[in-house]
Amino acid sequence: MPEIKNIRDLPEIELFTGGSSACAGCGGSMGLKLALKALGPKTIIVNASGCMTLLPLYPTTPLKVSWIHNAIENASSTAAGVRHGLDMQGHDDMNVVVYAGDGATYDIGFASLSAAAVKNERIIYICYNNQSYGNTGFQWSSATPFGSETKTTPRGRENQIGTTFVQKDMVKIMGAHRVYAATASLAYPVDFLNKIERAKKRDGFSYIELLGSCTAGWNYDPRLTIKMSKLAVQSGMWPLYEIEEGILNLNKDFKELKPIEEFLEQQGRYKKLPPDGVQKLRSLINKHWTELKEYNGLRYV
Amino acid sequence: MKQTLITGNEAAAWGARLARPQYIPSFPITPQTECIETLARWGADGGLPNTYFDRLESEHSVMSAAVGAAAVGNRVFTATSSQGLLLMHEVLYIAAGMRLPIVMATISRGLSAPVTLWSDHNDFLDQRDSGWLMFHAENNQEVLDMMLIAYHVAEDNKVLLPVMVNMDGFVLSFTDEPVTIPSFEMVDKFLPDYAPEHTITPDRPVTIGAPALDEYTFFKAQNHVAARNALGVIEQVQDEFEKIFGRKYDMVDEFMIEDAELVLITQGSMSTTAKAAIKEMRADGIKVGLVRLRIIRPWPASAIKEALKNARAIAVIDRNVAPGRGGIMLPEIVETLYYLESRPIISSFIVGLGGNPQTEEKIKEITHKLMEDLESGTPRVEWNDVEEL
C-alpha cells in the first residue's frame, strides 16, 4: 500500500468479513478490519487471549488471513517462533502481526513483548487498548486510566475515585526499546494505516497502540465508537504520536485541547467520578500533553 | 562402531543435531543448560547450517515460540528441567492440542520448595496428562537413540503429538558415558524430512487455536486416539531403528524376569544400579528381576501386563511422590494388573527424592522387604531414606 493522504484512498480489500461474534461498535474488531487493509492477505495474526480470540469459532472464521492463538501472555514469543519458522521455510514475505489487548500487553505478556522488542524481531505488534480486561467483563489492567471505574476498582464509600493508579506509559517504554512505537486511533484511519505501512517496511520490531473503545465496558452508546475515539484524541486522553530512534513526533497537534468532560460524560465508567477526580485526571492529561509538545521533534527516550 | 565419551546433555544435543531441527528456542536452567550451550556453540561454529538457534526470556516463552515455529511447519527441538518444565506446563497442553510434533529433552530435577538441584521425577511426571508422549531413558546412549525415535514417532501422521525424552539430572546429564554417535547419513535414512500436511503457508490461510464448543470433546478424544496409535508406531519405529542402528528397544525393558518371583519396577538411571544388584542377588539364588518403564505415555499396558504375568510380588519403586496419595506410578501399575487372573502382591517404595542416591544396598534391602511381603501376604508402603515418619 502506498502512503495514503485521504480517507477515500483506503484500500478496498476486505479480509475481515461479516459474521463475527464481536459486540456492535467494538473498537478492537474495527481496528483489525482496518489494519488488514494495509497488511494484505500475506499476513498471519498472532492473537493473545481476549475478546478477539472469539472471532474464529470452530469451524468458522470471519478472517481471510491465517490466525494463531496460543495463550494470553505469550503472543510475542509465539510470534517470534512464527517469524523464524516462516523465514526458515522461505516465507519471509509474510507479515507476522500480533493483535493483543492491553492486559496481554501491559501486564501478563510484558516480559515476552519486551524480549521480542529488544531482539528487534521482524514483527508488527498492534495492541488494541480498551483500557481493561474486556473479555472477562471489564476489570482493572495497568492500562486503565486514573478515575475509571472497573469491576475490580469499583467506586464505593471508601474509594470514590475507582482506579487510583496512573496507567503505565507503554509507548514511552516501547520507544526505549529502540523500536518504532506509535499510538493510533479509529477516528484517524489514514494515520493508522500509514503507521502500519511504515511498520511493514521496517526490518525489525514495531509497536502500534490503538485505542480500542469498548462499548460494553466503557458503557456508552455503540453508535458512538468513532466519536469517542475522536474525542479521546481531541481532549488529550489519547494523543497521536510516534517514537523512532528515540525521537518523538507528535502526529496530531491542537492549539487547545477540548475539555475532557465531553469525553467523560458519555461513558458509564466515569459517570460518578467526583470533581476532584476529574480535576486530577485533567492535570495528568495536561502534564502528558505538555511533555509531548515540549519533546516534539526531539530525543524523548 | 566407535564410541565417544559424552554427557547426557551432550547426547541429547547430538540427538537434536542429527535430526536437523530448523528451530531451537532456548533458556538456561540447571541441570539442562549444557544441552543448549552445546547447540549454541555448534551453531556459532557453523555446525547447524539449517537451524535458527533462538534465545527467549523464559521457559514459558520457549515453549510458546516452539509452538509458533512448529505451527508453520518447522521441526523444533528444545530442552528444559524442573521449575522450567513447570513454567511451560500451560503451553504443553496447547502444543499437544494443536498436534505439533515438537521434541523436547527434559532433564529431571526435583521441585522447590525446598530447593534442590538433584534429580527426581516429579517434574517429568507432572506433565503426564498434558497430551505429550513421554519417554524416559536409562543411559546416555538411550537418550540419543530416543531423541531420533521420538522425532520419527511424533511426526507420524497417525500420531502428530509432541514428545518429551527424559533423563535424570546429574547422574546422566553431567556424567560421561560411552555413546555411539551415528552418522548423519544413517540418521537421514532413518528419519525422513518433516513434511507436515496441515501447516500455515502464505497462499493458504489456516486458523490454529480457535475456540471449540461441542466439538471440544471430539478434539480431546482425537488426542487420546493419536496417543494410543503411538503404541503401534513406537514398536514399528523401534524395529526400523534396530535394522539401521543395531540397537534393540522394546516397549518395556525387561531384565531377568523369565523365572522371577520378585520383580522391581523402576524408571530412569537407578535401573542400571538395580540391574547390578539383581545380578548379585541372582548369584545368591534369589529369583528377582526388573521391569523398567521407558514409555510412560502412551501407557504400554499390554507389554507391562505380559512382562509381569508370572510375578508373585512386585515392588513399584517411585522416585517421586504425590503428597496425600503416594507414589505416582503405583496406581498405574495396580490398575494395569487388576484384571490378571492371579494378582501379585504389590508393595510401594518411595525413593531417591532430590537426588538421594539409590545404591545397590538399598535395592537389595527393598528386595528383601519384598520377600517378606510375599511370605506374609501383606504389601507395604514405605519411604526409603526416611527413618521415621
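The values are calculated or read from the model by the stated rules, or taken from the named source; none is laboratory data. Computed from a predicted structure; not experimentally measured. All Cβ positions, even for glycine, are placed from backbone atoms using ideal geometry, and neighbour counts span all protein chains on display.
Selection of segment B:115-130 for residues being part of a loop (DSSP other than H, G, I, E, B) and in contact (Cβ under 8 Å) with a residue 12 or more places away in the chain yields B:116, B:117, B:118, B:119, B:120, B:121, B:126, B:127, B:128, B:130.
For the structure I just gave you, tell me whether residue A:92 is within 13 Å of chain B (Cβ to nearest Cβ), surrounded by fewer than 17 Cβ atoms within 10 Å (Cβ to Cβ) and either of a type in the set (Asp, Glu) or part of a helix (DSSP H, G or I) (or both). Yes: the conditions hold for residue A:92.
Here are A:103, A:90: which of them is small (Gly, Ala, Ser) and on the phi > 0 side of the Ramachandran plot? Full working, then the answer.
Values: A:103 fails: on the phi > 0 side of the Ramachandran plot.
The conditions single out A:90.
Among helices (runs of 4 or more DSSP H) lying entirely in segment A:154-270, which contain 1 or more residues that are under 21 Å from residue A:33 (Cα atoms) and β-branched (Val, Ile, Thr)?
On the way: elements: A:170-175, A:189-201, A:225-234, A:261-264.
Ranges flagged: A:189-201, A:225-234.
Restricting segment A:75-89 to residues that are among the small types (Gly, Ala, Ser) and within 22 Å of the chain's Cα centre (by Cα) leaves a set whose member that is nearest to the other protein chains (Cβ to nearest Cβ) is A:77. Collect the residues in segment A:114-144 that are closer than 30 Å to residue B:53 by Cβ and either more than 10 Å from chain B (Cβ to nearest Cβ) or among the acidic types (Asp, Glu) (or both), keeping them in residue-number order. Hits for segment A:114-144 are A:117, A:120, A:121, A:122, A:123, A:124, A:125, A:126, A:127. Do we find that residue A:213 is of a type in the set (Gly, Ala, Ser), in contact with a Cys (Cβ under 9 Å, 6 or more places away or on another chain) and crowded, with 23+ Cβ neighbours inside 10 Å in this structure? Yes.
Residue count for segment B:76-129 under the criterion of being within 21 Å of residue B:14 (Cα to Cα) and in contact with a Lys or Arg (Cβ under 7 Å, 6 or more places away or on another chain): the result is 1. Tell me, please, whether a residue that is in a strand (DSSP E or B), at pLDDT 95 or above and either at the interface with chain B (Cβ under 7 Å from one of its Cβ atoms) or surrounded by fewer than 24 Cβ atoms within 10 Å (Cβ to Cβ) (or both) can be found in segment A:31-45. Scanning segment A:31-45 turns up at least one residue that is in a strand (DSSP E or B), at pLDDT 95 or above and either at the interface with chain B (Cβ under 7 Å from one of its Cβ atoms) or surrounded by fewer than 24 Cβ atoms within 10 Å (Cβ to Cβ) (or both). A Cβ distance below 8 Å, combined with a sequence gap of six or more or placement on separate chains, defines the contacts here; from segment A:252-269, residues that are closer than 13 Å to residue A:292 by Cα reach residues that are of a type in the set (Lys, Arg) and not in a loop (DSSP other than H, G, I, E, B) in the pairs A:253/A:293.
Considering segment B:280-314 alone, what residues qualify as being within 25 Å of residue B:360 (Cα to Cα) and in contact (Cβ under 8 Å) with a residue 60 or more places away in the chain?
B:280, B:281, B:286, B:288, B:292, B:293, B:294, B:295, B:296, B:312, B:313
Return the residues of segment A:58-74 that are within 23 Å of the chain's Cα centre (by Cα) and either facing chain B (nearest Cβ under 7 Å) or without any contact (Cβ under 8 Å) to a residue 40 or more places away in the chain (or both); say none if nothing qualifies. Lay out the reasoning, then the answer.
Filtering segment A:58-74 for residues within 23 Å of the chain's Cα centre (by Cα) gives A:61-74.
Of everything in segment A:58-74, those that are within 23 Å of the chain's Cα centre (by Cα) and either facing chain B (nearest Cβ under 7 Å) or without any contact (Cβ under 8 Å) to a residue 40 or more places away in the chain (or both) turn out to be A:61, A:64, A:65, A:66, A:67, A:68, A:69, A:70, A:71, A:72, A:73, A:74.
Quick check, is residue B:380 in contact with a helix residue (DSSP H, G or I) (Cβ under 7 Å, 6 or more places away or on another chain), of a type in the set (Lys, Arg) and within 28 Å of residue B:163 (Cβ to Cβ)? Here the answer is no, as residue B:380 does not meet what is asked. Among the conditions (1) part of a strand (DSSP E or B); (2) crowded, with 24+ Cβ neighbours inside 10 Å, the only one that residue B:296 does not satisfy is (2).
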